[in-house]
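Presented below is the structure to which this report refers.
The values are calculated or read from the model by the stated rules, or taken from the named source; none is laboratory data. All figures in this text were calculated on a predicted structure; none of them were measured in a lab. No Cβ is skipped: glycine too gets one built from the backbone with ideal geometry, and neighbour counts run over all protein chains shown. Just so you know, the surface numbers come from the protein's heavy atoms only, side chains and all, with ligands and any DNA or RNA stripped out. Shrake-Rupley method; radii C 1.70, N 1.55, O 1.52, S 1.80 Å.
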Amino acid sequence: SGESGAGKTESTKLLLQHIMNLCKGNSQLEQQILQVNPLLEAFGNAQTVMNDNSSRFGKYIQLHFQKNIVRGAKLSEYLLEKSRVVQQDTGERNFHIFYYMFAGLSLEEKQMYGLLDPSLYRYISGRFGTQDVAQRWKHKYQEVCNALDMVGFQEQEQVDMQAILAGVLSLGNVTFEPEESRGSVKVSETSRGWLKAAAVKMDVLSQLVCCVPCSPWSPSVSCCCFLCADARDSIAKVAYGRVFGWIVCKINELLAENVDPEVELREIGILDIFGFENFAVNRFEQLCINLANEQLQHFFNRHIFQLEQAAYKEEELPWETITFNNNEPILNLLLAKPLGLLSLLDEQSAFPQATDKTFVDKLNSSFKGNLHFQPGRGRVLGFSIIHYAGKVQYTAGGFLEKNRDTLPANVRGLFINSVTPLLSVLFIPHESRPTLARVKCGDKALLWLAGLLIFLCPRQHSLTVLMEKMYSANPHFVRCIKPNSQKEPGVVDSQVVLLQLRYNGLLETIRIRRDGFSWRPSFEEFAER
C-alpha cells in the first residue's frame, strides 16, 4: 500500500520475480505469471498528474503451491476506472493500450482497424506525445504482443480485441443533432463516418444511441442530444470494461493449476491496489479509491496495534499501551447503514428525480457536526472528507450516474432482442452458450458488437469479498513511501516522506516493533530447541 506513485506496482513485479526465482518449478508457467503484470498495466494503467503509470484498478494475485513449487495462479480485479475511457482531466491520459496501438500498429493494420491520425479522437483528447515518447510506446506495444503470446492468447483473439478498442475510439467521435422535421435527435451528418467505423451496421448502432428517451421533466431536444451522448459513452465504457474482464478471465483459464483436485495447495496472495489520491478535482472514482485505502489502513491498524496489544494483555506482559490514529469513525461515516455516505448515495440513486444536488443536501443534513465531514464551499457542488491521509474535496457532479453504472434499459433491450443470431446467443446462460468459433459470421460489425457484449466473468468481485480474503490470511505489509511529489528520480523531499510516515502510522509501528516481541516460537519449538 501507499500513495499513488509510491512504487506499489513495481514492488509487486519485483516480489513476483523473487518468488518465481525461489520456486525453480515449471519454467513456462513461471514466465507466464511474470507476464501478467505488464499485460494488465497496458490495459489497466494510465498517466495521472501524480503518476505516469498509475494503476486504475486493484488486483489480487493468488499463487498456488504444492511442495514449494508453483502449480497455478489466479487473478482478481477490482473497480476498474471505466470513466477514464471517455474523459480525462488536464495532464492525464486514457489507458496506455490506446497510445501503444497507435505507435505500434503498422499502416496496413491501422487501415484494417479503421484507425486514422490519433489527434482526431475525442476519447484521447488529441494528446499523443513527442517522437521519443511514441518510440517508447512502440516498444511497449511489442511487449504487450509478446506478453499476450506468452500467456497464451490466440492470434484471432488478439485481432478481435484490438478491433473492439478501435471501435470504442471511433464511437467517441459520434455526435448528435436535432432532426427538425420530427422534433427528435439523429446522428450528425459529419459523424456518420465515425459511426460506420465503429460498427458498420449504422442503422443498428444509430438506433442504440438515438432511442434514449428524454427526461419527462426536461423534454427538450438539447436534453435528448445530451442523453444520447451519455448513452454513447455508456456503451464505450461497458465495452472497454468487458474487454478488460475478458482478459482477466482468459488469464485465469491459462494459469489455472493442472493438479489432482484432492491435492491440498498452499497459497501466497499479493494485493496491489490503487494508492490514496488527492487531485485538484476529485470525483466519484477518487472516493472509491480512497475508501479502499481507508479499509486497508484499518486492516493494518487492527493487525499491528489492536491484535498485537491484545495478545500482550492476555499474557499479562508488562506493557505501556501505544495509541494510534484509529480511522474507524471515517469508515462509519462512509459505510454505516442506513445513514452512511454510500447508503445515502444508493438511496438517492434509486429515485429517478434525485440529482447530485439533492444528494449533497442529504449529506449536509445527515453529517452536520461530524468531525470528518465538511460541506462544500463556493459555487462548485461538493463536500470534503477528512481522511486518515488528509482532507480531500470531492466534486459531486456525476456521483449518481456513476453509482448507477447502468446502460439505458432500451439500449440493453436492443441488444437482447436483436434479430442477429450471434447477439442473442451471447445472452444465453454461460453453460449453454456456443463458443464464438462455432458461430459463422463474416460481418465485422457483428464481431465488434459480439466483443462488446461478451463477458465471461458474470460475478464481479467487490471490496467486501477482498477484505474477507484479507482477514482470513496471515498478512505481511509492504508500505511504499513516495520520495517526492514531482515524479523525479533520486530526489527525497523529507517533508513529503515525514507526512506519509505520520499518517500511515509507521512511527508508532516502529515503536511497537522495537518495544514488542518480534520472535514468537511455540512452546513445542522452544522446548525442542
Inside segment 150-186, can you point out the residues that are farther than 18 Å from residue 109 by Cα and at pLDDT 85 or above?
150, 151, 152, 153, 171, 172, 173, 174, 175, 176, 177
Would you check if residue 301 is over 29 Å from residue 22 (Cα atoms), surrounded by fewer than 20 Cβ atoms within 10 Å (Cβ to Cβ) and in contact with a helix residue (DSSP H, G or I) (Cβ under 9 Å, 6 or more places away or on another chain)?
no
Selection count where residues are more than 14 Å from residue 7 (Cβ to Cβ), at pLDDT 90 or above, open to solvent by less than 40 Å² (accessible area, probe 1.4 Å) and not in a loop (DSSP other than H, G, I, E, B), scope segment 470-519
4
Out of all the residues in segment 46-83, which are touching a Phe, Trp or Tyr at 6+ places or on another chain (Cβ under 7 Å) and among the polar types (S, T, N, Q)?
55, 76
Are any residues in segment 139-185 more than 21 Å from residue 99 (Cα to Cα), open to solvent by less than 50 Å² (accessible area, probe 1.4 Å), among the acidic types (Asp, Glu) and in contact (Cβ under 8 Å) with a residue 40 or more places away in the chain, and if so, which ones?
none
Got a number for residues in segment 236-256 being part of a helix (DSSP H, G or I) and either of a type outside the set (A, V, I, L, M) or more than 17 Å from the chain's Cα centre (by Cα) (or both)?
13
Quick check: is even one residue across segment 332-342 under 23 Å from residue 234 (Cα atoms) and surrounded by fewer than 18 Cβ atoms within 10 Å (Cβ to Cβ)?
yes
Could we say that residue 31 is surrounded by fewer than 18 Cβ atoms within 10 Å (Cβ to Cβ), out of contact with any Gly (no Cβ under 7 Å at 6 or more places or on another chain), of a type outside the set (Val, Ile, Thr) and without any contact (Cβ under 8 Å) to a residue 60 or more places away in the chain here?
no
In segment 345-363, is there at least one residue being assigned to a helix (DSSP H, G or I) and hydroxyl-bearing (Ser, Thr, Tyr)?
yes
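Which residue is modelled with the highest pLDDT, if the candidates are limited to segment 238-255 and must be charged (D, E, K, R) and open to solvent by 40 Å² or more (accessible area, probe 1.4 Å)?
So, considering only residues that are charged (D, E, K, R) and open to solvent by 40 Å² or more (accessible area, probe 1.4 Å), the one modelled with the highest pLDDT is 253.
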Report yes if some residue within segment 47-70 is open to solvent by 10 Å² or more (accessible area, probe 1.4 Å), under 24 Å from residue 291 (Cβ atoms) and part of a helix (DSSP H, G or I); otherwise report no.
no
For segment 361-381, enumerate the residues that are closer than 14 Å to residue 345 by Cα and surrounded by fewer than 17 Cβ atoms within 10 Å (Cβ to Cβ).
361, 364, 365, 366
Of everything in segment 80-105, what is among the basic types (Lys, Arg) and in a helix (DSSP H, G or I)? Give them in sequence order.
82, 84
Checked pairs for segment 259-277, first more than 21 Å from residue 71 (Cβ to Cβ), second open to solvent by 50 Å² or more (accessible area, probe 1.4 Å), C-beta under 9 Å and 6 or more apart or across chains, list as 273/79; 274/79
Which of the following residues is surrounded by fewer than 16 Cβ atoms within 10 Å (Cβ to Cβ) and under 21 Å from the mean Cα position of the chain (by Cα): 281, 259?
281
Residue 124 fails exactly one of the following numbered conditions: (1) farther than 30 Å from residue 463 by Cα; (2) open to solvent by less than 20 Å² (accessible area, probe 1.4 Å). What is the number of that condition?
(1)
Looking only at residues that are out of contact with any Ser or Thr (no Cβ under 6 Å at 6 or more places or on another chain) and part of a strand (DSSP E or B) in segment 271-299, which one is farthest from residue 90 (Cα to Cα)?
271
